[in-house]
Amino acid sequence: MSRLACFTLRAFLTAATLAACLAPSLARAQGAPADSSFDAYVRGLSDSTDAFFGLTAAPPDTAGLDSALAAGLAKPPGAATGARVSWKPSLGHRQAFNRALGVTLGANVGLGASRGWGRVNGWVDHANGPDLWLGGGSYAKRWGGTEDEDFSYTLGLSAGRGWSAFDRDHFDRLFDSGYALLYGNDRNHYYRTDGAGASLSFGRNGRWGTIQYRNQLESPLATTASWNLFRAEPAVFENRAAALGRASEAKVTLGGRVPRLPVTLEAQWWGAGGPLGGNFDYSRARFAAGGAFPLGTLFALLPQVHYGRVTGDVTPQNTFYLGGGPGLRSAEGKSLQGAGAAGACVEVLLQDDVLHALHLRQPPTFPIQLSAFAGLGATWGHDPVTGLALATDANWPEAREWQPEVGGAVLYRPGIPQPDYFVRVAYAVPVGPGNREPRLALSLGTMLSSLHRR
Amino acid sequence: MTLRTTPLFPAFLLAVLASGAASPPAAAEVKHGPTLAVEDTMRTDISEVLVHAPRVTLDEILDRVHRGEMRRDSALRDQSYQLTVRVVRDTDGRKKPVLVQETVDRVYMRRPNQSRTVRLRDWRLKPKKDENGEDKGVSVSADADMSEEIVNFAFRPANRGEFKFRIVGRELLGDHLIYKIRFEPRSALDQFNPSGLVWVDTHEYVIVRQQLELKQSPVPLFLKGVRGVVIERQRQGDFWMLSRILARMDMTIPMPGYGRSFDIGLQFSDYRINAGLPDSLFAPAPKGARK
C-alpha cells in the first residue's frame, strides 16, 4: 500500500512538474495563449458563471447564421455614419396647478437635436384662472464630448411669457402642483415673467457651472383658484404680490464634488442693476454643502449646511425662504423669510430596511428606513409686520434668531422619479426657548435637500 | 533520522505511509503506533532579501488600469463580432427556466464613427406586433465606441472619485499577477449604484472579469434586486474583449411575459479585430433604398 501511494504521489508530482515546464512551450507551439494556469483560472471563473446562469449563458445555436449574414450584407447598409439627427417634431403636453393661475394646460413641440444643429422648442399654455395665455420658445445647442470626463458646454436661448415662484431655491413645479391640486398644501407665491434670457452651461468630471443672463418684467399675480380635489382648507389663500419691475439679472452657478470625499459644494450668485440696468439693484449669494458618509455598514451620516444673503433691493421674489421640507422641518413650509438665511442639519440614516436590519424579515419589497436628525436654522432681516424682507447690514443671525430642532423620520425610497428621492414622514421637535410646536410633515425629495445637484 | 510521535492528522497519514502496515501491539511496555519520520540531514537556507522598491500603491494600480484600458482602446481600429441577446424567464428556481427571446446580430464597428448591425436571428416565444404590423423585438444599435465602458466605468477618471477601492486579493498564476480589486460607492446615499469586484491582469493592466452587485435596488417599487451581474472578457489575439454580460433580475411584481425573475444575457463571440473592414460595409444607402 505504501509503495502504491508513494508511486502515485511521485507520478503526480512528476507529471505536474513536466506539465508546468512544458505547458508554455507546448501552448506556444500550438498557437494557444502561453499561460495555461492563468487561462485555467479564468476558465474556472467562467465555468462557475455557466453553472449559475445555465440556459442564459449557453452558447447560441449557429445553424443558419451564415446564410442570414450573407442575406443581411446583400442589403444596402443604410446611413451608418455618426449620430443621425431626427428632424421629426416631438410633441408633448404641459400641465400645472396653483392658486394664482388655476389649471394651466398646454403643449410643447421640439425639433432637432442639441448636439446637431441645435434643438428648437416652442410651448404654449393657457391658465384658466386669470384667462391668460402664456408661451415662448427656446433654442439649445450642445458641444463637447458625450462622456463625463469630456468637457462639454450648452448654449441656451429663451424668450416668452411665463411664471415662477418666489422661492427660487426650492421649488418643484411638478410636486408643488400636485400638493396644491390634491389638498391645497401650497405655500409658494407666484409672479409672472415676460422677457428673454441666455445661458451657458459647462461641466466635466463631476463639476459644473452655469452663466446666465435674463431681462424680464416681473409682475404680480392674484389668487384665482382656492379649490382642491379633497376640498381641504388651503394652507395659504393669498398670493403675495411681487414687486413690479424689470429685472436685468446675471447669475453664476458653480458646483462640484470634492475629490475623494462624498461631499458636494455649491455656490450661486445673482446680480441685478448697476451696469446691467433694470429696476432692481441687488446682489444675492447662496452657498450650500452636503455629504453622505457611511457609518459602518448599517448607517449613514448626512451633514449639510447652507447660507444665503441678499444685499441691495430685497423683493419678495429674491428673499430666502425657510421651513417645511428643506431647511427647518419644525416650521411650516416657507413660513420664515428674510434677506439672509442660514442653517445646518446632521442626520443619521439607517441604510437598510428596519425589519431586515433587526433580522425580522428578508429584504422586502417595500423597505422602510428610519432616520434621526438635529438641526437649526434662521432667517434675518425680515419685517414682522408685512412679512416682507427688508435690507439689512447683518451678515449673520443673532443668537435669538436661531431655531434648533431634533426629530426622527420614517422614509421610503420608491426609486421614482429619481433613485435618490425619498418619501419622508418627519416628526420635528423644536428645542430651546419659544413656544413653537412639534410638527409632523410629509415631504418628497432628496436627503441632501440643501443642494440642487449632488 | 529520528522518530517521534505526533498528534497531527496529516503527519499521521504520512507516518502510516512511511511505516507500512501497522502491526498489533505485542506488549504494554513497547510503544507502537503512528510515528513521523523527519529528514533532518538535509538543510536549505534561504537568505532574506531586503526589497527596496516601493510597493505599487492602489492609486498607481488604478492609474495603470486606466492607462491599460486606454491603450487597449486606442489600439482598436475596427472590430466585428456576433452579439447574442437572450432573455430567460422563471430563473428563481421554482420552475424550469424558459427561453423567452433570443436575437443574434453581427455588429461591425470602425473608427472614427462608423457602425453597422445585421440581424441574423430574431426568435421570440410569443411574437408581438407593433401598430404597423411589424415584429416588435429587441433592437440593437451600436456606435463606434470600442472602449467597453461597462467594464471599466469605475476606473475612469470622471467616476473614480465616486467609488472607494481596495485590494482584496493577489494571485500569482504562472507569470501573471492578478489583482482582485473591490469597489463600492463612496457616498452612503448611492447604495443603489453598483459595487463590484474586478480581476485585473497586471501583464497589461486590463480588466479580465467583473462581478457587480447592487446593495439596494435603484427602483425598489418595481425591481426587488439584481443578482449576479457578471461581466467577462476573453482574450482575442492581442486584446481582451467583452465576452459576456449576464444579470438576474428579481421583480416585486411579475412582469407580463417575463415573470417575477428573469435573466438577461449578452454574449459577444466570433471577433474579428483590426481586420480592415471594407468601406462598402458602411457606405450610405442610395436615395430611395429601403432601410
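Every number here is computed from the coordinates shown, using simple stated rules; none is lab data. Worth saying up front: this structure is predicted, and the values here are computed from it rather than measured. Virtual Cβ from ideal backbone geometry, glycine too; neighbours counted across all protein chains shown.
The length gained on full extension between A:Leu298 and A:His93, counted as 0.36 nm times the residue separation minus their Cα-Cα distance, comes to 69.5 nm.
Just counting partner chain Cβ atoms within 10 Å, what average do the residues of peptide A:45-54 show around their Cβ?
Numbers: counts 6, 6, 0, 1, 9, 2, 0, 7, 12, 4.
That works out to 5 on average.
At a 10 Å Cβ-Cβ cut-off, how would you order B:Met255, A:Met447, fewest neighbours first?
On the way: B:Met255 15, A:Met447 26.
If I rank by nearby Cβ atoms, fewest first, I get B:Met255, A:Met447.
Please give the FRET efficiency for B:Asp63 paired with A:Ser67, using the beta carbon to beta carbon distance and R0 = 41 Å, rounded to the nearest 0.05.
Details: r = 48 Å, r/R0 = 1.17.
Working from the Cβ atoms, E equals 0.30.
For B:Ile167, B:Ile231, B:Ile264, what ranking results if the residue with the fewest other Cβ atoms within 10 Å of its Cβ goes first? All intermediate terms of the calculation are to be shown ahead of the outcome.
On the way: B:Ile167 14, B:Ile231 23, B:Ile264 18.
Lowest count first: B:Ile167, B:Ile264, B:Ile231.
Helical content alone sets the calculated 222 nm signal of chain A at -5000 deg cm²/dmol, taking -39,500 (n - 2.57) per DSSP H segment of four or more residues and averaging over every residue.
With each pseudo-label sitting 7 Å past Cα toward Cβ, what's the B:Val168-A:Ser48 distance in nm, one decimal? Distance between the two pseudo-spin positions: 1.0 nm.
Pairwise Cα distances in the stretch A:179-284 exceed 23 Å in 52 percent of cases.
Checking a compactness column here: for the stretch B:197-291, what do you get for Rg(Cα) / (2.2 N^0.38 Å), N being the number of residues? Write out the running numbers ahead of the final one.
Working: Rg = 19.3 Å, N = 95, 2.2 N^0.38 = 12.4 Å.
For the stretch B:197-291, the normalised Cα radius of gyration is 1.55.
Take the Cα of A:Arg400, step 7 Å toward its Cβ, do the same at B:Ala53, and the gap between the two points is 7.2 nm. If R0 is 45 Å, the Cβ-Cβ spacing of A:Asp393 and A:Tyr183 corresponds to a FRET efficiency of close to 0.65.
What does the extension gain come out to for A:Trp143 and A:Val109, with contour length at 0.36 nm per residue minus their alpha carbon separation?
Details: separation 34, 0.36 × 34 = 12.24 nm, distance 2.24 nm.
Value of the extension gain: 10.0 nm.
Here r is the Cβ-Cβ distance between A:Asn435 and A:Val354 and R0 is 35 Å; the resulting FRET efficiency, rounded to 0.05, is 0.60. Here the average projected area of the convex hull drawn through the C-alpha atoms of the stretch A:330-454 stands at 9.4 nm².
Enumerate by residue number the GluC sites (Glu not before Pro) in the stretch A:213-315 meeting two conditions: DSSP loop (anything except H, G, I, E, B), and at most 13 other Cβ atoms within 10 Å of the site's Cβ. Mind dumping the intermediate values first?
Details: sites: A:Glu218, A:Glu238, A:Glu249, A:Glu266; in loops: A:Glu238.
Answer by residue number: A:Glu238.
Rounded if a/c is under 1.5, else prolate if a/b is larger than b/c, else oblate: which is the stretch A:106-241, with a ≥ b ≥ c the root eigenvalues of its Cα gyration tensor? Prolate is the answer for the stretch A:106-241, as a/c is 1.5 or above and a/b outweighs b/c. I want to make sure I understand the PRE zone here: with the label point 7 angstrom from the Cα of B:Ser147 toward its beta carbon, which residues in the stretch B:57-101 have backbone N atoms less than 18 Å away? So the set is B:62-79.
Pairs A:Lys75/A:Lys141; B:Lys96/B:Lys215; B:Lys180/B:Lys215; B:Lys95/B:Lys126; A:Lys251/B:Lys164: which are spaced more than 25 Å apart, C-alpha to C-alpha? Violating the 25 Å Cα-Cα cut-off are A:Lys75/A:Lys141; B:Lys96/B:Lys215; A:Lys251/B:Lys164.
Using only the alpha carbon atoms of chain A, find the Kirkwood hydrodynamic radius as the inverse mean reciprocal pair distance, in angstroms to one decimal. Kindly include the intermediate steps, with their values, before the conclusion.
Values: mean 1/r = 0.0370 Å⁻¹.
Averaging 1/r across every pair of different Cα atoms and inverting gives 27.0 Å.
Charges on Cβ only, +1 for Lys and Arg, -1 for Asp and Glu, centred on the Cα centroid of the stretch A:155-203; of A:Leu157, A:Tyr191, A:Leu174, which one is farthest towards the dipole's positive end? Positive-most Cα among the choices belongs to A:Leu157. Fully extending the segment from A:Asp281 to A:Leu217, taken as 0.36 nm per residue of separation minus the present Cα-Cα distance, adds 21.6 nm. Label sites at A:Leu229 and B:Ala37, each approximated as a point 7 angstrom past Cα along Cα to Cβ, lie 8.9 nm apart.
Most exposed first by the Cβ proxy, i.e. fewest other Cβ within 10 Å, how do A:Leu200, A:Leu440, B:Leu266 rank? If you can, show how the numbers build up before the last one.
Details: A:Leu200 13, A:Leu440 10, B:Leu266 18.
Fewest to most other Cβ atoms nearby, the residues stand as A:Leu440, A:Leu200, B:Leu266.
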